[in-house]
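Computed from the coordinates by the stated procedures, all read-outs in this text should not be read as laboratory data. These figures come from a predicted structure and were not determined experimentally. Heads up, the Cβs are rebuilt from the backbone with ideal geometry, glycines too, and the neighbour counts pull from every protein chain shown.
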Amino acid sequence: MSDRALERLLERFRAGETDIDSVIKYIRRLPYDDLGFAKVDYHRTVRQGFPEVIYCASKTTDQVKEIFARLAKQSDTVLATRANKEMAVAVKSIVPAAEYHEASRLITLGWKPTPESVAGEVAVVCAGTSDLPVAEEAAITAEIMGSRVTRVNDVGVAGLHRLFGELHRFEQARAVVVVAGMEGALASVVGGLIDKPVIAVPTSVGYGAAFGGIAALLGMLNSCAAGVSVVNIDNGFGAGYTAHLIAR
């Protein structure tokens with residue numbers, strides 16, 4: 001539910017384009033819609049400022065399609081994470097305006113913020129090209145929520161001089177997401193150079209002793225730089241969401 005959706009319904013009623021029974025039915029469904037396999041939370045926009053986000057992993061294609069379609073009827077903005085191409089094709093068959101971002105595995109509706117809707121600036125700093133899928137998940141999440149995003153890619157500690165030439169690009173950011181695998185050292189480096197809150201995202205990128213991201217996670221949790229917080233392994237969505245809330 002959003003104020004805009006309710007306003008549109010009432011305008012349609014005033015214009016005689018819908019009847020009172022349809023209005024009452026809509027209002028009854030405002031808190032959530034029970035689909036049997038899911039209770040779609042329409043009230044989350046009112047509580048948290050952004051619609052319910054669909055986590056697609058372990059859901060069927062039909063479930064994702066149905067949930068996305070219901071949310072799209074209530075909101076101009078919808079975000080689905082960890083989606084595969086089959087899910088995206090199914091969603092686009094009923095919501096043609098939806099976009100699939102293959103690298104980050106996101107399906108979005110209403111992706112880019114308009115200039116008047118920008119809430120603040122977020123920077124997403126990525127250690128290596130292999131970390132880009134997680135970095136893009138963070139960047140697009142922050143963007144669809146209403147932040148302007150600056151992307152700084154491939155500036156990991158194996159070639160630290162690359163980072164120094166990019167620091168000026170995120171001076172205006174209110175929060176910085178740092179995405180890194182391997183030993184996860186980039187978060188500490190960035191945290192020690194800037195006066196912004198850093199949200200560190202460990203990725204599962206790395207050889208055997210990286211333990212699927214656990215090494216990077218522990219390295220970030222043990223950062224000696226103040227102002228560094230850490231989200232779960234590969235959780236670009238969580239980092240982008242939090243960065244937007246800080247920026248807003």
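Shape annotation for region 17-109: C-alpha extents along the principal axes are 44, 28, 25 Å, from largest to smallest.
Most tightly packed first, judged by the mean number of other beta-carbon atoms within 10 Å of their residues, the peptides 6-12, 62-68 read 62-68, 6-12.
Ranked by how many other Cβ atoms sit within 10 Å of their own Cβ, fewest first, the residues Thr203, Thr18, Thr150 fall in the order Thr18, Thr150, Thr203.
Before rounding to the nearest 500, sum -39500 (n - 2.57) across all DSSP H runs of length at least 4 in the chain and divide by the residue total; then give [θ] at 222 nm in deg cm²/dmol. Write down the numbers at each step before the final one.
On the way: 10 runs with 94 residues, N = 248.
The per-residue figure over the chain is -11000 deg cm²/dmol.
When Asp19, Asp41 are arranged by Cβ crowding within 10 Å, least crowded first, meaning fewest neighbours, the order is Asp19, Asp41. Compare Val23, Val179, Val124 in a GNM of the chain, Cα atoms joined below 10 Å, and give the one with the largest fluctuation. Judging by the Gaussian network model, the answer is Val23. With a simple spin-label model that places each label point 7 Å from the Cα along the Cα-to-Cβ direction, the separation between Thr18 and Ala226 comes to 5.3 nm.
An ellipsoid equivalent to region 49-161, defined through the eigenvalues of its Cα gyration tensor, has semi-axes of 27, 18, 9 Å when rounded to whole angstrom and sorted largest first. What the Cβ-Cβ distance of Phe211 and Thr60 gives, at R0 = 41 Å and to the nearest 0.05, is a FRET efficiency of 0.85. A straight line joining the Cα centroids of region 151-230 and region 48-116 runs 29 Å. Each of His43 and Leu10 was given a label point 7 Å from its Cα along the Cα-to-Cβ line. The distance between the two points is 1.9 nm. With the charge dipole of the chain set up from +1 on Lys and Arg Cβ and -1 on Asp and Glu Cβ about the Cα centre, the Cα lying farthest toward the positive end among the listed residues Leu71, Cys126, Leu109 is that of Leu71. Here region 43-77 is scanned for amide nitrogen atoms under 17 Å from the site 7 Å beyond the Cα of Lys25 along Cα-to-Cβ, giving 70-71, 73-74. When both bridge partners sit in the chain, DSSP labels roughly 30% of those beta bridges antiparallel. Net length available on complete extension from Asp195 to Val89 is 33.9 nm, with 0.36 nm assigned per residue and the Cα-Cα distance removed. The mean sequence separation of alpha-carbon pairs under 8 Å and at least six residues apart, normalised by the residue count of the chain, gives a relative contact order of 14 percent.
Lys-Lys pairs in region 17-109 that are eight or more residues apart or on separate chains and whose Cα atoms lie under 19 Å of each other come to 11. The share of alpha-carbon pairs in the chain lying farther apart than 34 Å comes to 23%. In region 115-247, the alpha-carbon atoms span a convex hull of 84 Å³ per residue. Kindly express, to the nearest 10 degrees and within the range 0 to 90, the angle between helix 236-247's C-alpha long axis and the longest C-alpha principal axis of the chain. Helix 236-247 sits roughly 80 degrees off the main axis of the chain.
What is region 178-248 by shape, rounded, prolate or oblate, if you read a ≥ b ≥ c off the alpha carbon gyration tensor as root eigenvalues and call it rounded for a/c under 1.5, prolate for a/b larger than b/c, and oblate otherwise? The shape class here is oblate.
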